[in-house]
There are 2 protein chains.
Amino acid sequence: MPMPDNQLLDRYAELTVRSGVNIQPGQQLVVTAPLEAAPLARKITEHAYRAGASLVTVLYSDEQATLARFQLAPDDAFDVAPGWLFNGMAEAFKGGAARLALVGEDPALLSEQDPAKVARANKARAVAYRPALEYISGFAINWSIVAFAHPAWARAVFPGVPEGEAVERLWQAIFAVTRTDRPDPVAAWAEHSAELERRAKWLNDGRFSALRYSGPGTDLTLGLADEHKWLAAGGKAKNGVFCIANLPTEEVFTMPHRERVEGTVRSTKPLSYNGTLIDGIRVRLKGGRIVEAFAEKGEETLRSLLATDEGAARLGEVALVPHSSPISQSGLLFQNTLFDENAASHIAVGQAYPDTIAGGGRRPKEELARMGMNESVVHVDWMIGSEEIDIDGVREDGSAVPVMRGGEWAE
Amino acid sequence: MPMPDNQLLDRYAELTVRSGVNIQPGQQLVVTAPLEAAPLARKITEHAYRAGASLVTVLYSDEQATLARFQLAPDDAFDVAPGWLFNGMAEAFKGGAARLALVGEDPALLSEQDPAKVARANKARAVAYRPALEYISGFAINWSIVAFAHPAWARAVFPGVPEGEAVERLWQAIFAVTRTDRPDPVAAWAEHSAELERRAKWLNDGRFSALRYSGPGTDLTLGLADEHKWLAAGGKAKNGVFCIANLPTEEVFTMPHRERVEGTVRSTKPLSYNGTLIDGIRVRLKGGRIVEAFAEKGEETLRSLLATDEGAARLGEVALVPHSSPISQSGLLFQNTLFDENAASHIAVGQAYPDTIAGGGRRPKEELARMGMNESVVHVDWMIGSEEIDIDGVREDGSAVPVMRGGEWAE
Ligand SMILES: [Zn+2]
Ligand SMILES: [Zn+2]
Ligand SMILES: [Zn+2]
Ligand SMILES: [Zn+2]
């Protein structure tokens with residue numbers, strides 16, 4: 001396995017620790033990572049200790065073990081999840097630990113497996129993970145998600161290219177879109193993060209009550225939650241620590257109203273969901289709910305996803321990303337949400353972020369629900385933006401303002 | 001890295017799952033393993049799913065990360081331990097999960113590090129692990145410990161031999177002493193396990209109240225706990241599952257009385273304790289307590305160990321192993337407790353096993369303490385047997401029976 005340029009990998013690890021999760025002296029760090037990410041996880045561990053972390057714990061996962069389970073375990077195994085481990089993570093977050101996820105996996109790992117079993121395993125996992133996830137979605141602690149160039153992922157992104165070269169090219173792409181190859185990546189992210197915050201402010205000042213999308217196969221009016229707030233991925237967690245929750249990130253995002261989305265929308269990029277590729281999605285929403293759903297590929301998995309629970313067929317996030325984003329400009333289909341969602345405007349079904357409502361973290365759940373907040377054990381982003389999509393911001397009084405034209409910011 | 005004969009590794013994994021932990025249909029399995037053990041962990045995972053496990057979770061550790069912490073983390077980090085993770089494990093055991101530890105590490109990993117920091121980290125870890133350990137020491141669930149040939153370990157066992165060859169020779173040694181190279185390893189272990197149980201019965205029938213050790217540098221009278229029970233590593237856990245807690249195992253063991261050990265004793269093999277090698281131990285016990293302690297090597301670590309808590313300087317286990325055991329006959333110094341403790345009779349400082357008192361699991365702690373049971377956050381075995389040691393069993397009435405002569409069973 002060829003390794004990326006060692007100096008760049010080291011800078012990437014440092015960027016992750018300083019600009020991404022921004023670990024604080026005395027803080028514990030909980031990292032999740034596939035086994036293949038061990039070289040990066042080790043460098044991150046070193047930088048975290050240099051920055052004063054008291055303890056870094058890496059929870060490794062193993063795709064081969066996951067696959068073996070689907071091939072060999074008894075049928076009733078698939079409703080079981082490691083709740084005890086997730087409860088342990090929740091305890092760590094409650095105690096003030098920061099969280100880092102290293103992602104990058106075989107996007108088609110489970111594509112040959114029984115979709116019903118995959119759906120049951122996904123649901124059991126999502127339900128068991130919920131207590132830990134609430135610290136993340138509620139932004140109680142500083143956290144971040146970054147990628148590493150998993151060999152199977154690299155092969156999927158660069159089909160036909162020998163694995164070693166594919167891994168190298170994927171690392172180059174990761175270093176480019178995360179600005180790791182800039183002279184001062186930490187400074188570059190401070191600047192980019194401020195730019196995204198300016199864009200969020202412009203949208204907040206616009207006081208739109210809905211967004212209207214039009215384009216090929218898309219005619220959607222997406223109502224926004226009451227007192228919704230546009231945010232960028234960089235922000236101050238409730239523990240007072242500024243972190244950038246995704247590296248890379250190009251989006252500004254807010255909360256759709258769970259009951260006020262009407263029309264049809266088409267996906268513009270494939271979506272990799274827990275080892276299954278879902279492509280060519282077309283859905284119709286009525287009263288905020290997805291009432292019709294089709295996909296050219298992975299339709300069964302899409303339907304299972306939407307049936308996970310009551311909130312899985314409603315929206316929890318709407319995000320705007322210009323078509324000229326560096327990720328889109330790379331011309332690559334990453335088949336990984338962290339990248340692809342930053343190549344295009346997107347929506348997510350499932351759990352909403354309470355912080356995308358003003359004072360959301362302190363309001364009771366019933367009030368948040370009345371204001372339009374959706375709840376679910378899942379949160380899955382999929383891309384609906386392209387250079388063919390126009391978006392208007394619509395105010396209460398019916399007046400409309402161009403927000404995006406041909407996939408770019410209208411102003 | 002050369003891998004061992006793939007077929008033998010597979011049989012070893014199967015032996016571990018079937019004879020060692022004896023995983024039951026529907027049961028979860030929690031495995032701890034160093035990163036380097038991933039190939040074995042994967043094979044074990046497969047066999048566990050074949051045997052009906054519902055979920056196998058491998059918690060990987062990374063020596064490089066441990067070392068980085070000692071080199072880079074701030075001083076006050078060393079009183080911190082991942083209690084949240086250990087509490088998660090305890091929750092898994094409470095829910096009925098089985099436990100497997102894959103061991104094999106660099107015996108000198110931390111030998112260059114500040115012994116005071118190492119001691120603080122060991123203590124913090126031991127205290128945090130206690131709730132999980134109680135399920136193990138109380139034999140509430142089926143569990144087992146097996147080894148894998150870690151490269152740094154192999155280099156320590158075969159100094160001067162190139163790493164690849166050292167790893168191969170260590171695997172061969174592991175396969176030999178675990179009987180993996182026999183035609184039917186599972187049957188061989190059933191037979192061997194029955195033989196150890198017969199030996200335990202003979203000792204129980206002897207109704208000794210103390211053991212008397214004599215040999216070079218050793219003159220020790222070791223009182224046994226009231227109503228103590230001799231056990232072998234193979235036995236039925238409280239969840240009803242028969243497992244063999246150590247592979248290999250050659251010992252029969254019981255509980256010393258925490259206040260009734262008098263005299264001097266010398267170690268006969270080095271002891272590897274959390275990355276530090278302790279050799280040439282000489283201690284004097286009075287009223288069950290180690291009141292003088294010396295070591296030719298690692299004396300500071302030995303003293304820190306004994307000072308961990310009140311029970312760390314008293315005994316929690318006494319075990320008898322004939323000098324002709326296969327591990328002793330291999331002529332190798334493994335520098336790993338799992339092997340070395342099965343090469344010689346040994347004692348352990350620290351936590352006792354409640355099950356080595358009749359009905360121990362059901363008696364209140366105060367009663368167990370009165371009967372002689374020791375408690376501590378540590379349990380560390382060290383070897384005091386050799387071909388030069390004689391052991392007598394002494395009864396209440398003062399009569400004595402030869403138990404071992406020249407390191408072998410007297411009958
Ligand atoms: Zn998003
Ligand atoms: Zn999202
Ligand atoms: Zn023992
Ligand atoms: Zn022991």
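Read the figures in this text as sums done on the coordinates, not as results from a lab. Source: prediction; values computed, not measured. A quick note on method: Cβ atoms are made from the backbone with ideal geometry, for glycine too, and the neighbour counts reach across all protein chains shown.
Would you work out if segment A:199-274 is rounded, prolate or oblate? Take a ≥ b ≥ c from the square roots of the eigenvalues of the alpha-carbon gyration tensor; rounded if a/c is under 1.5, else prolate when a/b is larger than b/c, oblate otherwise.
Oblate is the answer for segment A:199-274, as a/c is 1.5 or above yet b/c matches or exceeds a/b.
Net charge within 14 Å of A:Ala188 by Cβ-Cβ distance, Lys/Arg positive one each and Asp/Glu negative one each, not counting A:Ala188 itself?
It works out to a net charge of -2.
Students often get this wrong, so check it: of A:Lys269/B:Lys43; A:Lys43/B:Lys238; A:Lys117/B:Lys123; A:Lys43/A:Lys238; A:Lys43/B:Lys43; A:Lys123/A:Lys238, which have C-alpha atoms separated by over 32 Å?
The answer is A:Lys269/B:Lys43; A:Lys43/B:Lys238; A:Lys117/B:Lys123.
Taking all pairs of distinct Cα atoms, average 1/r, flip it, and tell me the Kirkwood hydrodynamic radius of the protein assembly as shown in Å to one decimal place.
29.0 Å
Please state the charge dipole magnitude for the protein assembly as shown, taken about the Cα centre, from unit charges on C-beta atoms (+1 on K and R, -1 on D and E), reported in debye and rounded to the nearest 20.
Computed charge dipole of the protein assembly as shown: roughly 1600 debye.
Once you list every other residue whose beta carbon is under 13 Å from the beta carbon of A:Glu408, what net charge do they have if Lys and Arg are +1 and Asp and Glu are -1?
-3
Among B:Leu40, B:Ala149, B:Ala51, pick out the residue whose Cα is farthest towards the positive end of the charge dipole of segment B:6-177, where Lys and Arg carry +1 and Asp and Glu carry -1 on C-beta, about the Cα centre.
B:Ala51
Take every Cα pair under 8 Å in chain B that's 6+ residues apart, average their separations, divide by the length, and report that relative contact order as a whole percent.
15 percent
I need to check one value: relative contact order of segment A:6-177, counting alpha carbon pairs closer than 8 Å and at least 6 residues apart, in percent.
This gives 26 percent for segment A:6-177.
Could you please report the charge total around A:Ala312, scoring K, R as +1 and D, E as -1 over all other residues with beta-carbon less than 12 angstrom from its beta-carbon?
Its environment carries a net charge of +2.
Between copies, how close do the A:Phe294 label points come, placed 7 Å along Cα→Cβ, listed in nm from shortest?
8.8
At 7 angstrom along the Cα-to-beta-carbon line, where would the label on A:Gly359 sit relative to the other copies? Give the distances in nm, shortest first.
List, nearest first: 6.3 nm.
What is the projected area of the convex hull of the Cα atoms of chain A, averaged over all directions, in nm²?
Over all viewing directions, chain A projects a mean Cα-hull area of 18.6 nm².
For B:Tyr273, which sequence-distant residues (separation of 5 or more, or a different chain) have an amide H within less than 5 Å of its own amide H, given hydrogens modelled in the peptide plane?
Excluding prolines and chain starts, which carry no amide H, the hits are B:Ile278.
For the rotation that superimposes chain A on chain B, which residue of A has the C-beta lying nearest to the axis, and at what distance in Å?
Checking which Cβ lies nearest the axis yields A:Gly88, 1.
Quick one: which residues, 5+ away or cross-chain, put their amide H under 5 Å from the amide H of A:Ala140? H built at 1.01 Å from N.
HN-HN under 5 Å from A:Ala140: A:Lys238.
For chain A, set up a Gaussian network in which alpha carbons nearer than 10 Å are linked by springs, and say which option among A:Ala90, A:Ala156, A:Ala190 fluctuates the most.
Of the options given, A:Ala190 has the highest mean-square fluctuation.
Note the distances from A:Ala187 to each other copy's matching label point, with points 7 Å along the Cα-to-beta-carbon direction, in nm, sorted shortest first.
7.5
At 24 angstrom or more along the helix axis (alpha-carbon based) and mean Kyte-Doolittle of -0.5 or higher, what helices does chain B contain? Whole DSSP H runs only.
Result, helices passing both filters: B:115-137.
Under a Cβ-only charge scheme (Lys and Arg +1, Asp and Glu -1), can you give me the dipole magnitude of chain B about the Cα centre, in debye to the nearest 20?
960 debye
Quick check on segment B:1-96: what are the equivalent-ellipsoid semi-axes from the Cα gyration tensor, as sqrt(5λ), descending, whole Å?
That gives 29, 20, 7 Å for the three semi-axes.
Let me spell out the model: positive unit charges on the Cβ of Lys and Arg, negative unit charges on the Cβ of Asp and Glu, origin at the Cα centre of segment B:1-111. What dipole size does that give, in debye rounded to 20?
Once rounded to the nearest 20, the dipole reads 620 debye.
Taking H as built 1.01 Å from N, whose amide H comes closer than 5 Å to the amide H of B:Gly234, not counting residues under 5 places away?
The answer is B:Ala245.
Which of the three applies to segment B:6-177, rounded, prolate or oblate, going by the alpha-carbon gyration tensor with a ≥ b ≥ c and a/c under 1.5 meaning rounded?
oblate
Is the C-alpha gyration tensor of segment B:322-381 telling us rounded, prolate or oblate? Criteria: a/c under 1.5 is rounded; beyond that, a/b larger than b/c is prolate, otherwise oblate.
Cα axes put segment B:322-381 in the prolate bin.
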